[in-house]
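The values are calculated or read from the model by the stated rules, or taken from the named source; none is laboratory data. Given the structure is predicted, the values throughout are model-derived calculations rather than measurements. Note that each Cβ is placed from the backbone with ideal geometry, even for glycine, and that neighbours are counted across all protein chains shown. For the accessible areas, the whole protein counts, side chains as well, though only heavy atoms, and no ligand, DNA or RNA atoms are used. Shrake-Rupley method; radii C 1.70, N 1.55, O 1.52, S 1.80 Å.
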Amino acid sequence: MQTARKYPPSIALVGSSGGGTATLGHTQPIDLLSVIHDELSKIRTTDSIDNTQQDKPVFAAGLKFALFVSLHDGGFDSATDSSIATLYSVGVHKRSNGTYFYRGNDNDEKDENDHSFRVDVLASRKPLLEINKLYQTIDKILSNAIDTNQIQGLVSISSDPTSTNRLSMASAARSSIPVVGSGGTSLSAASAIVGLRLVGNSGGSVATSTYTRAVGFAHALAVDLGGSYQFHSPSGTAAPKLGSILDACLPAFLGVVVSIHILKTMEDSASTFATLQLLVDSLGSYVLPTLTAVIVTRAYSHQHSDIAIMSSILASSSSCATGSVISGVAAGYLTSIGVQYMLYTCMRYSIPATMTNVILGGGLGSLTSIILHLLQLPTLLAWVTATLRSVLVAGTNFPGAGFLIGIVFCYGSKVGWYHALFLPLILMEMEIGGASVLGAVDECTLVMVSAGICAGNLSLPHTKEASRDFSKRGLCINLSCGDFIEAAYPSMERSNIINTFGYIASGFSTELLYCDYARNGQPRAPVTSSAYLPLPMSIWLSGDQWKRTALACAMAFGISYLGCLLGNSVTRLSSGTGRNIPELTDKKNKGD
């Protein structure tokens, strides 16, 4: 019968980057050890703190000791004594005389104030023969820690139980502590030759990932130690909103839109375009649904990393048939939920790590795709976004609609509607690989209006002493990158005249985009474009309608420019030439 422990359960780890490096994470030792430590720290036992107190919950101390060898070129199956490797450690300390020690729970040299977890590099980029000698020296320290009951569990990752790790493995066998791990060859030798007591889902490491193995290790040790383990603990941070997730996909959406537009300009060359038609179809149907599925999955289950990405790509395959990015979002969200529950189920039934990843990365993604297809959800969501595009296009056929939309767009950008509503709508318009009606509105009402106000501030600042640097920066970024519309906000808040002209510029420029409602009795194709691009490229994206886009941009710029000149002139006259106007930031500070 074991005596009551005076400290929370401590776990040690020994191992290497493995024979063939077929395991995700083995080549990132610091991340590997850190993730395993985090999961082991979630084990909660009910051992007594000392012999006089009743049982109460105690969280495990996590990974208190670790030795991990990472080979720099290839795997250990083909390694030689001269192969270059690095030795990483946790809990190993070096004395001034050059010897090493483990600052364990019962060690006289332990530091009561040292509770931090840190991965150290004991030897960097040395020949494997030299690394192994140092490893064996420190392995004796681990062996002693196990024999003295300072270590209550062991993790073995592609270790060498009959040579390099011989002493620590022998101590683990004598003490009958639970051992978990991965690496089929090493675990087979450890169990059959050394006589270790393997628990949980210990098995092979092919196609496994850091997180799934860490969860398996922690769950198995918790069960054997008579405790509990909650593999998913709330991080304390709220999950991102759907709008922000779509916004994060903007670079890829723009890349697809620009690429397709370039390819379509080659349409006159029939032979060339025929060879590129497959690429156009792929960009328009497959890329964006897959991308949104991956981004959503990463956002809602980031800890699962690579295996969740694999699953989300498979799950989005049903969405690719319709090209619906909203269906991709649904696939990614369902995958993030499914990964959590399936992983827990696999751990509960001690399914080996490789099979767990096969189920999560392959089975779950495929099953999600099939279910979405049977429910016809991709088709339904594609119809929803197609209807949305039709409504936006239909709105361009009514006189005055453009002016109203321009005003709403300008106002909404100031009160938080842009990222929550406008940009997601723009991206949903772009899901089939084309530019956006609202993207053209965005370019005129926000980007060009801001550029005009910045240009006005450069021509005539509101005071003689006002710095032109900020306005110069705003003008350059708006014209060259289609961004930084916030550069105009201080001027619009400072002057009612500038603010009014900004709204007028937004309204008239959008009305110009929407005018010319019909040609030969038929509705005319709407003007589409996008912000976040250099001005010439935004105009080029409009295709045959580029002249109307250029004129609308010039109108937005010109009206806001004149309004800024007028507003600043009134400000200078009302304040007296040469006198400073209180800055906007000062007003805000006084009101705080």
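List of remarks:
- Residue 421 in contact with a Gly (Cβ under 8 Å, 6 or more places away or on another chain) and among the aliphatic types (A, V, I, L, M): yes
- Scanning region 141-169 for residues that are crowded, with 24+ Cβ neighbours inside 10 Å, in contact with a Ser or Thr (Cβ under 6 Å, 6 or more places away or on another chain) and aliphatic (A, V, I, L, M) yields a count of 4.
- Going through (1) in a helix (DSSP H, G or I); (2) open to solvent by less than 40 Å² (accessible area, probe 1.4 Å) one by one, residue 472 falls short only on (2).
Yes/no matrix, rows are residues, columns are (1) open to solvent by less than 10 Å² (accessible area, probe 1.4 Å); (2) among the β-branched types (Val, Ile, Thr):
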| site | (1), (2) |
| --- | --- |
| 407 | no, yes |
| 411 | no, no |
| 454 | yes, no |
| 459 | no, no |
| 497 | no, yes |
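- In region 208-228, the residues that are closer than 13 Å to residue 45 by Cβ and either open to solvent by 10 Å² or more (accessible area, probe 1.4 Å) or not in a helix (DSSP H, G or I) (or both): 223, 224, 225, 226, 227, 228
- Check on residue 107, touching a strand residue (DSSP E or B) at 6+ places or on another chain (Cβ under 9 Å), over 21 Å from residue 17 (Cβ atoms), surrounded by 14 or more Cβ atoms within 10 Å (Cβ to Cβ) and at pLDDT below 80: yes
- Taking region 493-539 as the range and being hydroxyl-bearing (Ser, Thr, Tyr), at pLDDT below 85 and part of a loop (DSSP other than H, G, I, E, B) as the test, only 517 passes.
- Filtered residue count, region 389-399, keeping only those that are part of a helix (DSSP H, G or I), open to solvent by 40 Å² or more (accessible area, probe 1.4 Å) and either in contact (Cβ under 8 Å) with a residue 12 or more places away in the chain or hydrophobic (A, V, I, L, M, F, W, C) (or both): 5
- Flag not set for residue 175, criterion: modelled with pLDDT under 80 and open to solvent by 10 Å² or more (accessible area, probe 1.4 Å).
- Selection status of residue 402, part of a helix (DSSP H, G or I), open to solvent by less than 30 Å² (accessible area, probe 1.4 Å) and either at pLDDT 85 or above or in contact with a Phe, Trp or Tyr (Cβ under 9 Å, 6 or more places away or on another chain) (or both): yes
- Residue ID - farthest from residue 500 (Cα to Cα), chosen from residues in region 445-464 that are of a type outside the set (A, V, I, L, M, F, W, C) and in a helix (DSSP H, G or I): 459
- Residue 259 at pLDDT 85 or above, among the small types (Gly, Ala, Ser) and either touching a helix residue (DSSP H, G or I) at 6+ places or on another chain (Cβ under 9 Å) or more than 30 Å from residue 338 (Cα to Cα) (or both): yes
- Hey, residue 289 more than 30 Å from residue 40 (Cα to Cα), more than 15 Å from the chain's Cα centre (by Cα), of a type outside the set (A, V, I, L, M) and at pLDDT 75 or above or not: yes
- Residue match in region 271-281 (condition: surrounded by fewer than 23 Cβ atoms within 10 Å (Cβ to Cβ), at pLDDT 80 or above and part of a helix (DSSP H, G or I)): no
- Subset of region 442-494 (residues that are touching a helix residue (DSSP H, G or I) at 6+ places or on another chain (Cβ under 8 Å) and of a type in the set (Ser, Thr, Tyr)): 445, 450, 459, 463, 471, 480, 489, 491
- Selection within region 310-338 - open to solvent by 60 Å² or more (accessible area, probe 1.4 Å) and aliphatic (A, V, I, L, M): 310, 313, 314, 321, 334, 337
- With respect to the conditions (1) within 34 Å of the chain's Cα centre (by Cα); (2) at pLDDT below 75; (3) part of a helix (DSSP H, G or I), residue 190 falls short on a single one, namely (1).
Yes or no, residue by residue, for (1) touching a Phe, Trp or Tyr at 6+ places or on another chain (Cβ under 9 Å); (2) without any contact (Cβ under 8 Å) to a residue 12 or more places away in the chain; (3) among the aliphatic types (A, V, I, L, M):
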{"residue": "381", "(1), (2), (3)": "no, no, yes"}
{"residue": "387", "(1), (2), (3)": "no, yes, no"}
{"residue": "409", "(1), (2), (3)": "yes, no, no"}
{"residue": "412", "(1), (2), (3)": "yes, yes, no"}
{"residue": "416", "(1), (2), (3)": "no, yes, no"}
{"residue": "424", "(1), (2), (3)": "no, no, no"}
{"residue": "445", "(1), (2), (3)": "yes, no, no"}
{"residue": "453", "(1), (2), (3)": "yes, no, yes"}
{"residue": "457", "(1), (2), (3)": "yes, no, no"}
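- Taking (1) surrounded by 15 or more Cβ atoms within 10 Å (Cβ to Cβ); (2) at pLDDT below 70; (3) acidic (Asp, Glu) in turn, residue 39 satisfies each apart from (2).
- Qualifying residue in region 128-139 (condition: on the phi < 0 side of the Ramachandran plot and either aromatic (Phe, Trp, Tyr) or in a loop (DSSP other than H, G, I, E, B) (or both)): yes
- Filter pass, residue 344 being within 30 Å of residue 210 (Cβ to Cβ), in contact (Cβ under 8 Å) with a residue 60 or more places away in the chain, open to solvent by 30 Å² or more (accessible area, probe 1.4 Å) and assigned to a helix (DSSP H, G or I): yes
- Filtering 377, 427, 360, 423 for residues that are closer than 25 Å to residue 492 by Cβ and crowded, with 18+ Cβ neighbours inside 10 Å leaves a single hit, 423.
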